[in-house]
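Scroll down for the structure; my scribbles are underneath it.
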Amino acid sequence: MILNQVIIDLSALRNNFMEIKKWVGAGTRIMPVVKSDAYGHGMIPVAETLSGLGVDYLGVFELEEALSLRAAGIKIPILILMGIMDEEVEEVVQHNLTPAIFRFEIARSLSDMSLKKGKITPVHLKVDTGMGRLGIRPEEIGRFLKRLLSLKGIILEGIFSHFSVSEQPDHPYTQEQMREFMHAIIECQRFGIFNTARHIANSGAILGHIGIDYGMVRPGILLYGSLPSSGWKKSIPVRPVMTFKSRIILIKRVPPNTSISYGRSYITDKEQTIATIPVGYDDGYSRLLSNKGVVLVHGRRAPVVGAVCMNLTMIDITGIPDVKEGDEVVVLGIQGKERITAEEIAAQMGTISYEVYCLIGKSNQRTYINR
Ligand SMILES: Cc1ncc(COP(=O)(O)O)c(C=O)c1O
């Protein structure tokens, strides 16, 4: 029997999508980012739910993800954010996918393959406006476009970029990146390209109203119910989509001076009640949560005591009345009036909510509710 359960509430996903839509306005298209198994929420059910709401573009990281979506019957355009490798061009053409483009040799192979198959493949030009990751640098755009536009088997359907610090409200670097993006758009116009899709806004930028009037936005974390950071004066009322529950498998009343878990990093200082739950770092509950994490039992907060093991964690339930073996434990989510958020877990681990969702979502069996 599986005691751990990740529950994905698709009604929260739908709510978040509709709230983002309201925020950006009817004239702005939304390209949900469903890469990395939809941040651990399950790419296919998430994509199916969003397609049902009229989403007309999806963003994935790599070809494999796009192929899984096609195999699941998702027919809408899919942008491969990572771009593609030479050996992938045939599948891209065959499955009507849209790669990010920033290497001319790949564009040429893709064009040749498209012509061979009697097709024209749409591509989105990725510009590196300051992330220092993927994309061509703004000063190279003119030269790149000149060569790109000579290729007859591809069509430049979009131009896009990605922010580096948009999760920090009012960061001046975001404005610098906006200027570079505008420069790239003007370069495109110099080559007679006026009607491409333009997109740069991730969740932080959407919250900051930056780059949302280009006509398309690419939210990820907002869809899954978290803000990219705290500190927003006004924010979109999103709801967490993921809950992680387990159950107590053993309760022990132990005397003072009892050592708990590997490494003896926790020693009881009085008589305490310790419960064991079958959740460990193999379930995405990081070892960094040793002596830091908190879970919910009977609607009360119970701290993690000692080191998180591979498959087990001990929690202190002293003072929580009537707890029995088999009782539910909420590791992420709501129980009674209490709540454990991905942001809280992330802060305890020294990371961001994105990583918490990916870790927990991918390490556990998921159940979908409110389809
Ligand atoms: C290229 C690109 N666009 C959009 C997003 C979505 O970002 P967020 O989840 O912050 O909205 C990501 C996520 O990492 C990304 O890599």
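Coordinate-derived values only; no laboratory data. This one's a predicted model, so the numbers in the text were calculated from it and none came from an experiment. Please note: Cβ atoms are built from the backbone with ideal geometry, for glycine as well, and neighbour counts cover all protein chains shown.
Go through 351-361, 104-114 and give me the packing order, highest mean Cβ count within 10 Å leading. Mind showing how you got there, number by number?
Details: 351-361: 21.6, 104-114: 19.3.
Descending packing order for the listed peptides: 351-361, 104-114.
Inter-part distance, the stretch 37-74 to the stretch 134-206, computed on C-alpha centroids, equals 24 Å. Calculated from the alpha-carbon coordinates, the stretch 136-225 shows an Rg and a Dmax of 14.2, 43 Å respectively.
Our note on the geometry: Cα centres of the stretch 291-310 and the stretch 83-133, 47 Å apart.
Judged by the gyration tensor of its Cα atoms, with axes a ≥ b ≥ c, the stretch 10-217 is oblate; a/c meets the 1.5 cut and b/c is at least as large as a/b. When each of the peptides 185-197, 215-227, 63-75, 237-249 is scored by how many other beta carbons lie within 10 Å of its residues on average, the order from highest to lowest is 215-227, 237-249, 63-75, 185-197.
Checking the table 35/245; 126/146; 21/245; 292/324 against a 27 Å threshold on Cα-Cα, which pairs fail? Walk me through the numbers before you get to the answer.
On the way: 35/245 24 Å; 126/146 15 Å; 21/245 31 Å; 292/324 23 Å.
Over 27 Å Cα-Cα: 21/245.
When you count the other C-beta atoms within 10 angstrom of each residue and take the mean per peptide, 6-13, 130-137 line up highest first as 6-13, 130-137.
With 10 angstrom as the radius, rank 292, 22, 35 by how many other C-beta atoms surround their C-beta, starting from the fewest. Working shown, then result.
Values: 292 15, 22 11, 35 19.
The fewest-first ordering by Cβ neighbours comes to 22, 292, 35.
Our coupling estimate for the stretch 304-317, obtained by passing each phi through the Karplus curve with A = 6.51, B = -1.76, C = 1.60 and θ = phi - 60°, is 6, 10, x, 6, 6, 8, 5, 10, 9, 9, 9, 10, 9, 10 Hz, Gly and Pro reported as x.
Could you put 23, 232 in order, starting from the residue whose Cβ has the fewest other Cβ atoms within 10 Å? Don't skip to the answer; put the middle values down first.
Details: 23 20, 232 14.
Result, fewest neighbours first: 232, 23.
Are there trypsin sites (Lys or Arg not before Pro) in the stretch 299-354 that DSSP puts in a loop and that have at most 15 other Cβ atoms within 10 Å, and which ones?
Details: sites: 300, 301, 324, 337, 339; in loops: 324, 337.
Within the stretch 299-354, the qualifying trypsin sites (Lys or Arg not before Pro) (loop, at most 15 other Cβ atoms within 10 Å) are 324, 337.
List 53, 79, 148 from most exposed to least, where exposure is judged by having the fewest other Cβ atoms within 10 Å. List each step's numbers first, then the result.
Working: 53 13, 79 25, 148 21.
In order of increasing Cβ crowding within 10 Å: 53, 148, 79.
Using all pairs of distinct alpha-carbon atoms, the Kirkwood hydrodynamic radius of the stretch 242-369 works out to 14.6 angstrom. Take the alpha carbon gyration tensor of the chain, find the square roots of its eigenvalues, order them as a ≥ b ≥ c, and report rounded if a/c is under 1.5; if not, report prolate when a/b exceeds b/c, else oblate. Prolate is the answer for the chain, as a/c is 1.5 or above and a/b outweighs b/c.
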